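Enquirer: My structure is below; once you've seen it, I'll send some questions.
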Amino acid sequence: MPGNGLWRTKSVEQSIADTDEPGSRLRRNLSAWDLTVFGVAVVIGAGIFTLTARTAGDLAGPSVSLSFVLAAIACALAALCYAEFASTVPVAGSAYTFSYATFGELLAWIIGWDLVLEFAVGSAAVATGWSEYLQTVLGYLFGGGVKTTVAVGGLTVNWGALVLIAALTVLLAVGTKLSARVSMVITGIKVAIVLFVIFFGLTFVKAANYHPYIPPGETGGSASTGVDQTVFSWLAGGANSAFGVFGLLAGASLVFFAFIGFDVVATTAEETRDPKRAVPRGILGSLAIVTVLYVAVSLVVTGMVKYTELATGNGEAKTLATAFALNGSDWAANVVSVGALAGLTTVVMVLMLGQIRVLFAMSRDGLLPRGLSRTGEHGTPVRATILVGGLVAAAATFFPASKLAEMVNVGTLFAFVLVSGGVMVLRRTHPDLPRAFRVPALPVIGVAAILACLWLMLNLTILTWLRFFVWMVIGVVVYFAYGRRHSLLGLRGASSPPVQGAAPKATSP
């Protein structure tokens, strides 16, 4: 029966009313500019500093620029749906909250569990990368031999990542506005570095390096047979997914990771002064800025050196700095490394912010322990912040998170599919809700967003899908063991969402 059991939905009216619940009220002090900075801060980071060179060398060649365009199109379609949802339901939790209002509790839990994968694992992986860049920068300053990892017994401890996570946890607990100000300063630095890469890198560009733009398919690189092959190339009977058309498409699915994070803006809707206008502007503005920068950087880097020189042979990582080093400009490579260090700092911070807000929303609904939704004197969920900081620190300090990070893309794309479908459902079930932003040409845009995301999902590896399936099974077990029995909606005897124009139906605890 609709509204009951696993498919019970939390009405939009109830979601908005919960934002004023004493003891778990978030402070509204963010502007559209703050949100745009958050979006740019999290998106310009690991993707542009590391994925561009690696994807060109291993999968797509010079056509990596086209891979970025394809990924950006999928993100833009989903971003339009996020913008309408966030302007209509300005509540913390992003895709989790949106799914709870449209598809029901079970799918909301699954997407919330999915966002744990995106934000927590993503921030742990990026923190590990940050530590590697810190080691490089310390080497420049104090000479070789400086390590950000130490062996303790048989365990490798990444103290660099631990220091970063600890500092960011304190910053996020003190207040989101302060985090936004710190993010603004660091984001300005790394945008300047990206512009430096583009304009100074142009002086090294050679037209011959762009030929062939789409290299012929071949076995090698990071590509792939068996479970390391993409699902699409396996279904299409391709021998592997390196270079050629399969490589171009696999590259698009990989560099999609570079765009992950713009949806974090939607998780801060409840802390925004004018969410109905500021959130759509923050989402679309940040995505537009980074797309232009990404395509420009990928064109410059693949023009600076032959793509074959960017392949990750012998496990050696290739980055933007590599392109300058290969052109004999070591000082420029050093500048880029320092910029990457600053860039990755804000990526980790905003990913942690997104994870905290999703955890906050789920605990406020009772699907996780309610104590995590309590806010402190600074108007932030301190307990949730400490918990997320501890989990991310443990993962980044003791585990090589690179393999788990490959799962982030499939989880995020799945979230995009649900949001794109949910906005169409909400248009039908709640046509009279005020919408400061409306997706144009719906349902055409919504359907196109779903198809684009599913297409990118098909171009992820079989192994990634297997890992994602295992993670989802664990999530379902946790839901039935705890979430379903403690759900406030279930304890209140939830019914279908109220009829339009009527006041929310009173419920008893």
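The values are calculated or read from the model by the stated rules, or taken from the named source; none is laboratory data. Please read all numbers here as calculations on a predicted model, not as lab measurements. In this analysis, Cβ positions are derived from the backbone assuming ideal geometry, glycine residues included, and neighbour counts consider all displayed protein chains.
Enquirer: Within 17 Å of Leu341 (Cβ to Cβ), in a helix (DSSP H, G or I) and modelled with pLDDT under 80, is that true of Val182?
Expert: The answer is yes for Val182.
Enquirer: For Phe68, only one of the following conditions fails: (1) of a type outside the set (A, V, I, L, M); (2) within 23 Å of Val300 (Cα to Cα); (3) surrounded by fewer than 24 Cβ atoms within 10 Å (Cβ to Cβ). What is its number?
Expert: (3)
Enquirer: From Thr128, Thr156, Thr169, Thr136, which residue is outside any helix (DSSP H, G or I), in contact (Cβ under 8 Å) with a residue 40 or more places away in the chain and more than 24 Å from Ala288 (Cβ to Cβ)?
Expert: Exactly one residue qualifies, and that residue is Thr156.
Enquirer: Return the residue satisfying two criteria in turn: it lies in the stretch 420-443 and is out of contact with any Leu (no Cβ under 8 Å at 6 or more places or on another chain), among the small types (Gly, Ala, Ser) and not in a loop (DSSP other than H, G, I, E, B), and of such residues it is farthest from Ala101 (Cα to Cα).
Expert: Gly421
Enquirer: With the structure loaded, tell me whether Tyr140 is buried (at least 24 other Cβ atoms within 10 Å of the Cβ), of a type in the set (Ser, Thr, Tyr) and modelled with pLDDT under 85 or whether it fails that test.
Expert: Taking the combined requirement at face value, the residue does not satisfy it.
Enquirer: Give me the residue from the stretch 117-136 that is in contact with a helix residue (DSSP H, G or I) (Cβ under 7 Å, 6 or more places away or on another chain) and at pLDDT below 80 and, out of that set, farthest from Gln355 (Cα to Cα).
Expert: My answer is Thr136.
Enquirer: I would also like to ask the following. Test Tyr82 against the criterion of being under 21 Å from Ala449 (Cα atoms) and in contact with an Asp or Glu (Cβ under 8 Å, 6 or more places away or on another chain), and give yes or no.
Expert: Yes, satisfied.
Enquirer: While we're here: Being in a helix (DSSP H, G or I), of a type in the set (Gly, Ala, Ser) and crowded, with 24+ Cβ neighbours inside 10 Å narrows it down to one of Ala361, Ala288, Ala342, Ala333, so name that one.
Expert: After applying the criteria, what remains is Ala361.
Enquirer: If you don't mind, another one. Which condition does Cys81 not pass, out of (1) part of a helix (DSSP H, G or I); (2) buried (at least 24 other Cβ atoms within 10 Å of the Cβ); (3) modelled with pLDDT under 85; (4) not aliphatic (A, V, I, L, M), if it passes all the others?
Expert: For Cys81, the failing item is (3).
Enquirer: Since Lys276 meets every condition but one in (1) modelled with pLDDT of 75 or more; (2) closer than 25 Å to Ala86 by Cβ; (3) surrounded by fewer than 24 Cβ atoms within 10 Å (Cβ to Cβ), which condition does it not meet?
Expert: (1)
Enquirer: Against the definition (buried (at least 23 other Cβ atoms within 10 Å of the Cβ) and under 23 Å from the mean Cα position of the chain (by Cα)), how does Val447 come out, yes or no?
Expert: No, not satisfied.
Enquirer: Continuing with the same structure: Here are Thr412, Thr380: which of them is outside any helix (DSSP H, G or I) and of a type in the set (Val, Ile, Thr)?
Expert: The match here is Thr380.
Enquirer: Right, another one. In this structure, does Val417 turn out to be crowded, with 16+ Cβ neighbours inside 10 Å, modelled with pLDDT of 85 or more and closer than 20 Å to Tyr96 by Cα?
Expert: yes
Enquirer: Hey, another quick one. Quick one: count up the residues across the stretch 296-318 that are part of a helix (DSSP H, G or I), buried (at least 23 other Cβ atoms within 10 Å of the Cβ) and either hydroxyl-bearing (Ser, Thr, Tyr) or at pLDDT below 90 (or both).
Expert: Within the stretch 296-318, residues that are part of a helix (DSSP H, G or I), buried (at least 23 other Cβ atoms within 10 Å of the Cβ) and either hydroxyl-bearing (Ser, Thr, Tyr) or at pLDDT below 90 (or both) number 4.
Enquirer: Give the residue, chosen from Thr148, Thr102, that is under 30 Å from Arg427 (Cβ atoms) and of a type in the set (S, T, N, Q).
Expert: Selected residue: Thr102, the only one of Thr148, Thr102 that is under 30 Å from Arg427 (Cβ atoms) and of a type in the set (S, T, N, Q).
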